[in-house]
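Right, one structure below, let's go through it.
The values are calculated or read from the model by the stated rules, or taken from the named source; none is laboratory data. Values in this document were obtained by computation on a predicted structure and should not be read as measured data. Please note: Cβ atoms are built from the backbone with ideal geometry, for glycine as well, and neighbour counts cover all protein chains shown. Side chains included, ligands, DNA and RNA excluded: accessible areas come from the protein's heavy atoms. Shrake-Rupley method; radii C 1.70, N 1.55, O 1.52, S 1.80 Å.
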Amino acid sequence: MTVTDRPGPGDAIASASSLPSEGRTRVVIEDVGPSIDGGRFPIKRVVGETVVVECDAFADGHDEIAVRLRHRRAGTADWRETPMVALGNDRFRGSFEAEAVGRHEYAVVGWIDRFGTWRRDLRARLEADQDVSIDVRIGADLVDAAAAGASVDDRAALERWAYRLRADEAAASNRARDALQPALAELIAGNDPRPFATQGEPILEVVVDPVHARFGTWYELFPRSTSPDAGRHGTFRDVIARLPYVVDLGFDVLYLPPIHPIGRQFRKGANNSTEPEPGAPGVPWAIGGLEGGHTAIHPELGTLDDFHALVDAAADRGVRIALDLAFQASPDHPFVRDHPSWFRARPDGTIQYAENPPKKYQDIYPFDFETEDWRGLWAGLLDVTRFWIRQGVRIFRVDNPHTKPFGFWEWFIGEIKASDPDVLFLAEAFTRPKVMYRLAKLGFSQSYTYFTWRTTTTDLRDYFTELTAPPVRDFFRPNVWPNTPDILHETLQVGGRSAFQARFVLAATLAASYGIYGPAFELGERVPREPGSEEYLHSEKYEIRHWDLESHASIAPLIRRVNAIRHAHPALQTNDGLAFHETGDDQVLAYTKRAPARHGHDGRDAGDGDEDVILAVVTLEPQGRRSVAIDLPVGELGLDPQRPVQADDLLRGGTIVWHDGRATISLDPADCPAAILHLRSAAADRAAGSAG
């Protein structure tokens, strides 16, 4: 080496400055999940659910490692911890319960388990009959290190252990065997000094919602069509009178389209006519008039006191009111006068109305989220929502959220949930999958789905498999609707009563949350405005309707029965545990749902065993009897494979016993195109029963 090659003082400083802040961390933590987009977004759970976390964790060399799952309420300092169990191949699993509504954090921490390594090696040396006198002294030092940071009681216990390990009167091997007792390991585990621990990054989050974010049964109606007198505009008091009907059918969320004043400029008439007849009530989504805007009530519906009476009357019956949150305005909205910059001007000076070419909505002005006053717009919309929260509304169905910026929704929902974490938002976004999923990641509690357009057994299997598998199930909660005021699918138009029954049972049993737009649905409203259209003829969006709830054509009895089944069986209250089964018939869909057989949603016991198992079989063909044989994976369903399967028919009554897990089901669409069965392991005295 020449003189010029020798390192100087400056080189040493440069080398030291490139060193990490701590070079003695040895544990690696990778692939922590569930995690959405690398931790960019939180996962979702409801109160009482278990968050199961897995990760890879390992270190160099052969030392044992300790791995813990940490969790805490967001904004608090102290972590709660639970051990993670080794699954093999450096994979670990732990869990914690989502105990309270709000935002929570979780992370994995790991470190070299010096005491665990010492115990492992000590046991091996004892089995080899080696001298362990030095090893025992090493163990005593490790116990001392744990005692230094322990609580008063634990410190005393650890100091006694250290003394025993160092005692001269006993043989080293005997002292070593004492040290292998579980009691000492448990003390150390709670007081390990954790030298050079590694915490997985980033810290992950879970949003915990009320239970009804996972399981809900929605009924949509137009208040103006609830009057018992044909031709009279319905009121909130009429809706209160309708509540017993809604409750009797088994619904626990009553969703109301916009209840605000309706604009008069460019008001639409029957069947979306641009030349309305005198007295046309207009479209509720054309919000705003002389009476006010988003915080006002349509005068023909009643007063704010009447609305409060409705919210209270519904709550007394176990029903939550959901309001439509439509961020748009009619030309008569006060915002148009007071905040013209919130709307986009056209070259001719007029304001741009809403369009979805070739459809035109001249009676609706969308907000311009690129306005220079975007901060004022955002704040104004937040104020609107907080107003209705103060009136007792905790659920909002959000109209067309995919037409507003993603950044707005992340801020908006975050602001609401920071002060009111129990408030829920349902995204009405029938748009591209990635857009729907992004909205869910940003905070929407539930989302509409493509269920309406999934009409074959293959499509249904593929779609619900996607929705109930990771990563989608960790952030996207489906709310399934067979119809809406905007959507009358061809299946219902041509399939008749059987199609309504089949689509209803599919919605109510495939998803934990579903809804119907009634009374149009239970009464079988199925005439389109014109051939090829999904719009209703005489749509309630444009006119007041009078419904005959006592019609013999109503499928209300089926709805009532299925909702009672849903409330009694935990398997139908979750989107987990869904499995599809081959039927040999491409027109018949069969699937099971299973969940722990704790008490049902209404407190009734769902079953005798550890699992609540429901089998649903639905024919998509509206005519002709179908018969299928299904080979049930009895063991995978948590049933006893050594015993026959007892199937309680929850729709028709009666019990069937199947042997060898082979189920035979016959369906007649003229009666009902579906079967819902509760599966159990047959009792010993039923083993000789005949198969059905």
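Computed quantities for the displayed model
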quantity	calculated
Extended-chain gain in nm, criterion 0.36 nm per residue less alpha-carbon gap, Arg432 and Asp631	68.0 nm
Computed accessible area, His538, all protein chains, 1.4 angstrom probe, square angstrom	90 Å²
Value at 222 nm in deg cm²/dmol, rounded to 500, when DSSP H runs of n ≥ 4 in the chain each add -39,500 (n - 2.57)	-8500 deg cm²/dmol
Carbon plus sulfur fraction of accessible area for region 63-196, probe 1.4 Å, in percent	45 percent
Near-label residues of region 186-215 by backbone N, under 12 Å of a point 7 Å along Cα→Cβ of Arg24	194-197
With 10 Å bins from 0: P(r) over region 97-195, alpha-carbon pairs, percent	15, 43, 25, 10, 6, 2
Neighbourhood net charge (15 Å Cβ-Cβ; Lys/Arg +1, Asp/Glu -1) for Thr76	0
Full-extension gain in nm, Glu530 to Leu180, via 0.36 nm per residue minus C-alpha separation	117.9 nm
Karplus (6.51, -1.76, 1.60) ³J(HN,Hα), θ = phi - 60°, over region 466-473, in Hz, Gly and Pro reported as x	5, 5, 9, 10, x, x, 4, 5
Cross-link partners of Lys268 among lysines (Cα-Cα below 27 Å; sequence separation of 8 or more within a chain)	Lys359, Lys360, Lys404, Lys541
Distance between modelled label sites at Asp129 and Thr295, nm, 7 Å Cα→Cβ extension	8.8 nm
Efficiency of FRET between Arg346 and Thr50 - r from beta-carbon atoms, R0 56 angstrom, step 0.05	0.55
Rel. contact order, % - alpha carbon contacts under 8 angstrom, at least six apart, the chain	10 percent
Label-point separation in nm, Trp79 to Asp422, each point 7 Å along Cα→Cβ	3.1 nm
Global size of region 281-394 as Cα Rg and Dmax, reported in angstrom	15.9, 53
Per-pair calculated FRET efficiency, R0 = 56 Å: Glu277 and Phe58 via Cβ, rounded to 0.05	0.15
Arg160-Asp668 pseudo-label distance in nm [points 7 Å out on the Cα-to-Cβ vector]	7.7 nm
Förster radius 35 Å - calculated FRET efficiency between Ile138 and Ile203, Cβ distance, rounded to 0.05	0.50
Heavy-atom accessible surface of region 201-356: percent carbon and sulfur, 1.4 Å	51 percent
On Cα atoms only, tilt of 114-127 relative to the major axis of the chain in degrees	50 degrees
Long-range amide H partners of Leu651 with built H, under 5 Å	Ile676
As computed over region 490-549, the Cα convex hull volume per residue (Å³)	95 Å³
Solvent-accessible area of Asp141 with every protein chain in place, 1.4 Å probe, in Å² to the nearest 10	90 Å²
The chain, accessible area per residue, ligands and nucleic acids excluded (1.4 Å, Å²)	44 Å²
